[in-house]
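S.K.: Shown below is the structure under consideration.
The values are calculated or read from the model by the stated rules, or taken from the named source; none is laboratory data. What you see is a predicted model, and the numbers here were worked out from it, not measured in a lab. Here the Cβ positions follow ideal geometry from the backbone for every residue, glycine too, while neighbour counts run over all protein chains shown. Areas reflect the complete protein model, heavy atoms only, side chains present, ligands, DNA and RNA absent. Shrake-Rupley method; radii C 1.70, N 1.55, O 1.52, S 1.80 Å.
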Amino acid sequence: MEITPYEHKVHYYETDQMGVVHHSNYIRWFEEARCHLMECMGAGYEKMEEAGIISPVLAAQAEYKTMTRFGETVVVETKMTLYNGIKMTISYVVKDKDTGEIRCTGETKHCFIDRDGKLLSLKKANKEFDQMFREMLVKE
């Protein structure tokens, strides 16, 4: 499975009057990049939800390093830093595509639940997804 970084070209509506990206957009880009990562690994949200698995966000954190401006393209690198079958953590590094300058770093934390909102263990509920997530886990 090939995991490619997610790319996003900054739209005008994502900026303020000075042409600088509003801080809330980085969290949206995290979500877009996470969806891209999961699709690359074969466990996209559509496929998971068809299997009755939902993965809500428990926490989101971002640290802003430098400004991103209208018209620039950013690359969002993602990696899964925690997975235990019940919860996962994804880390993000947002870089300017042309210069490589880091614009923002952050992470999101998630759990797995069924349609009734009950906590799930993927190891028990869906061994195929569990294996995909275990293969994605970056051990540092």
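S.K.: Within segment 52-66, how many residues are out of contact with any strand residue (DSSP E or B) (no Cβ under 7 Å at 6 or more places or on another chain) and surrounded by fewer than 15 Cβ atoms within 10 Å (Cβ to Cβ)?
M.R.: Our first condition is that a residue be out of contact with any strand residue (DSSP E or B) (no Cβ under 7 Å at 6 or more places or on another chain); within segment 52-66, this holds for 52-53.
Narrowing further to those that are surrounded by fewer than 15 Cβ atoms within 10 Å (Cβ to Cβ): 52.
Summing the residues that are out of contact with any strand residue (DSSP E or B) (no Cβ under 7 Å at 6 or more places or on another chain) and surrounded by fewer than 15 Cβ atoms within 10 Å (Cβ to Cβ) in segment 52-66 gives 1.
S.K.: Among strands (runs of 3 or more DSSP E) lying entirely in segment 33-140, which contain 2 or more residues that are of a type in the set (Val, Ile, Thr) and either within 30 Å of residue 12 (Cβ to Cβ) or at pLDDT 95 or above (or both)?
M.R.: 73-83, 87-96, 102-111
S.K.: Quickly run through segment 83-102 and pick out the residues that are more than 15 Å from residue 65 (Cβ to Cβ) and either free of Cβ contacts under 8 Å to residues at least 24 places away in the same chain or acidic (Asp, Glu) (or both).
M.R.: 84, 89, 98, listed by residue number.
S.K.: Output the qualifying pairs, or none if there are none: Cβ atoms under 7 angstrom, residues six or more apart or on different chains, first residue in segment 6-29 and in contact (Cβ under 8 Å) with a residue 24 or more places away in the chain and closer than 15 Å to residue 66 by Cβ, second residue assigned to a strand (DSSP E or B) and polar (S, T, N, Q).
M.R.: 21/15
S.K.: Would you call residue 88 touching a His at 6+ places or on another chain (Cβ under 6 Å), hydrophobic (A, V, I, L, M, F, W, C) and open to solvent by less than 60 Å² (accessible area, probe 1.4 Å)?
M.R.: So residue 88 fits the description; yes.
S.K.: Further question: Does residue 109 count as under 14 Å from residue 27 (Cβ atoms), of a type in the set (Lys, Arg) and open to solvent by 50 Å² or more (accessible area, probe 1.4 Å)?
M.R.: yes
S.K.: Give segment 91-106 a look and list any residue that's open to solvent by 20 Å² or more (accessible area, probe 1.4 Å) and not basic (Lys, Arg), or say none.
M.R.: Hits for segment 91-106 are 91, 93, 98, 99, 100, 101, 102, 105.
S.K.: Continuing with the same structure: I need the full set of residues from segment 13-32 which are part of a helix (DSSP H, G or I) and open to solvent by less than 80 Å² (accessible area, probe 1.4 Å), in order please.
M.R.: Selection gives 14, 24, 25, 26, 27, 29, 30, 32.
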